[in-house]
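Encoded as structure tokens, the structure appears first; notes follow it.
The values are calculated or read from the model by the stated rules, or taken from the named source; none is laboratory data. Since we're looking at a predicted model, the values are computed, not measured. Neighbour counts are summed over all protein chains in view; Cβ atoms, including those assigned to glycine, are modelled from backbone coordinates with ideal geometry. With ligands, DNA and RNA removed, areas are computed over all heavy atoms of the protein, side chains included. Shrake-Rupley method; radii C 1.70, N 1.55, O 1.52, S 1.80 Å.
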Amino acid sequence: VQLQASGGGLVQAGGSLRLSCAASVSIFGFNAMGWYRLAPGKQRELVAGITSGGSTNYADSVKGRFTISRDNAKNTVYLQMNSLKPEDTAIYYCNAVTYDNFDFWGQGTLVTVSS
């Protein structure tokens, strides 16, 4: 299983980016998928998650600004990030969890938000 993350880049505060996570297999096989981020000097945190049934959850810091979605036909999960802040700067990682709790991780994509 491979998860290919893309869409990161440099954006000014207030701007938007959309991250994509393309799986090499059908995402129906995953109980849940999500996006984590790792910023310098901070612990990795769950940014947003989505279950196979479409239920979503978000970190308090991104609620109302970020939206996670999935396209089952394209085996892809997206993270739409609006109203970006400098504190959103981090490497964003895609994650997928199987029904027997096995984790898969993408390679990470860097998001840099300038003030």
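Structure notes:
- Scanning the range 6-63 for residues that are among the polar types (S, T, N, Q), touching a residue at least 60 places away in the same chain (Cβ under 8 Å) and farther than 13 Å from ASP88 by Cβ returns SER6, ASN31.
- Note on the range 93-111: residues that are within 18 Å of GLN43 (Cα to Cα) and in contact with a helix residue (DSSP H, G or I) (Cβ under 9 Å, 6 or more places away or on another chain) amount to 1.
- The residues of the range 21-35 that are in contact with a helix residue (DSSP H, G or I) (Cβ under 9 Å, 6 or more places away or on another chain) and open to solvent by 20 Å² or more (accessible area, probe 1.4 Å), listed by number, are ALA22, SER26, PHE28.
- If the condition is being in contact with a Lys or Arg (Cβ under 8 Å, 6 or more places away or on another chain) and either modelled with pLDDT under 95 or buried (at least 17 other Cβ atoms within 10 Å of the Cβ) (or both), then the range 60-87 contributes THR76, VAL77, TYR78, LEU79, MET81, LEU84.
- For the range 88-105, a residue qualifies if it is open to solvent by less than 50 Å² (accessible area, probe 1.4 Å) and β-branched (Val, Ile, Thr), and the qualifying residues are THR89, VAL97, THR98.
- Taken together, LEU38, LEU10, LEU46 contain a single residue that is open to solvent by 40 Å² or more (accessible area, probe 1.4 Å), in contact with a Lys or Arg (Cβ under 6 Å, 6 or more places away or on another chain) and not hydroxyl-bearing (Ser, Thr, Tyr), which is LEU38.
- Taking residues in the range 90-112 that are closer than 15 Å to GLY8 by Cβ, and partners anywhere that are among the charged types (D, E, K, R), the pairs with Cβ atoms closer than 8 Å and at least 6 places apart or on different chains are ALA90/ARG37; ALA90/LYS42; ILE91/ARG37; TYR92/ARG37; TYR93/ARG37; TYR93/ARG44; VAL111/ARG37; VAL111/ASP88.
- GLY108, sole failed condition from (1) open to solvent by 30 Å² or more (accessible area, probe 1.4 Å); (2) within 15 Å of the chain's Cα centre (by Cα); (3) modelled with pLDDT under 95: (1)
- Set side by side, the residues SER55, SER20, SER26 differ, and just one is closer than 16 Å to VAL1 by Cβ and among the polar types (S, T, N, Q), which is SER26.
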